[in-house]
Amino acid sequence: MSPAIPAELSSSLAYYSAHFMDRVVWELPVRWVCNQHGLDCQLIEAGLPGTYPTFIVRTALNQSVVIKFFGPLYDGYQACQLEHSMGNFLAGHTLPVRSPLILAAGQLDTQWSYLVFEGIPGTSIGQARGRLAEHAWVNVASLLGVFMRALHDLTADCPGALSTLRDSDDRGNFAAFLRTQKERCLANHRKWNDLPSHLLEQVGDYLLPVDQLVELASPPHLIHADLTADHLLGRVIERSGSATDPAGGDWENLAVIDWGDVRFGNILYELVALQVDMFRGNTRLLKICLDAYGLPGFYQHEFPRKALSMLLLHQFPMPAWVYAGQTSNHSLDELAEHLFGTVD
């Protein structure tokens, strides 16, 4: 019998937020999963805090696996199904940056399921941000443009593996999803308190119509939808510097992780996490990325306004650094240029 999970982790957001990455709470479930799959659990470490409990297990010979648990909160059942389907799907395709293999899957009880991934011996680029040379970020930006294009080009191959996603009113019908987000947009940002009041009052008139954000003549394509700095894993390659070439490491890409937010959408929605989290608003990196991607002409016209409209329509609030740094902007047009002013 699997160990009991505290009931509050399935019902209380406050309790979940406080304990979902608590190693003491999860040690017995982690060890139970290891026993179920013949894994020699030597050491348990908490992974990076995200949405779901995630733990790194060190096994014999210092090898590792990652165990990720999915419960009732935050649509855990659907996220697990999608991540499992994407793992199986991507295992049969080659992308410029790979994703970890899924080694096992199962249930703890009627409410909690889990996936076991191969461990990736690296760190997130977010953790390594301050150690990387400028040219390393340029290479990352270019590669991610190629990665997104390759991923989006896989759309035609995936209906069978991701039928649940195709059938979802939310994640399958992108235009309908955006229309719903537009109806909720002002209420969402008031609740999140992620915009200064003088910008919040401009939102209603600023948002572009959905048919200017979605190329309706082309079907939506498969997107990761959460390309944050936590979700690109790699390795820093240290190098020495000089007066004209400051010290800073190179970066070796190892894996893109966390496919629980995968949906059908477009490049604008894909860019939200990439630009405001991965690139931290660096428009030079964004331009390099978009050039490598080959941004279609439909999106080039009024690109900054299109991109900020999509950011405002996103299902998650703006990161705190955007709010903290933009109180001097007098209009959403200025904010759009500041964050996305790259495409002529």
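Throughout, read-outs are computed from the coordinates displayed, never taken from laboratory work. Fair warning: this is a prediction, and the values are worked out from it, not measured in the lab. For neighbour counting, all protein chains shown are included, and Cβ atoms are generated from backbone atoms with ideal geometry for every residue, glycine included.
General observations
- Computed [θ] at 222 nm, deg cm²/dmol, the chain (DSSP H ≥ 4; -39,500 (n - 2.57); rounded to nearest 500): -11500 deg cm²/dmol
- Farthest positive-ward along the chain dipole, Cα basis, beta-carbon charges - from Ser85, Gly126, Gly281: Gly126
- Between Gly249, Gly204, Gly47, the residue with the greatest mean-square fluctuation in the GNM of the chain (Cα pairs under 10 Å linked by springs) is Gly204.
- Extension reserve of the Ser218-Ala60 stretch, reckoned as 0.36 nm per residue once the Cα distance is removed: 51.9 nm
- Three-way shape label, the chain, alpha-carbon gyration tensor, a/c 1.5: prolate
- Gain on full stretching of the segment that runs from Gln42 to His135 - 0.36 nm per residue minus C-alpha separation: 29.6 nm
- Reach of Lys306 by Cα under 21 Å, taken over lysines that are not fewer than 8 positions away in the same chain: Lys182, Lys287
- Partner aspartates and glutamates for Lys191 [C-alpha distance under 18 Å; skip if fewer than 8 residues away on the same chain]: Glu183, Glu201
- Remark on the chain: Cys80, Cys158, Cys185, Cys289 stand apart, with no other cysteine beta carbon under 4.7 Å.
- The mean sequence distance of close C-alpha pairs (under 8 Å, at least 6 residues apart), as a share of the length of the chain, puts its relative contact order at 17 percent.
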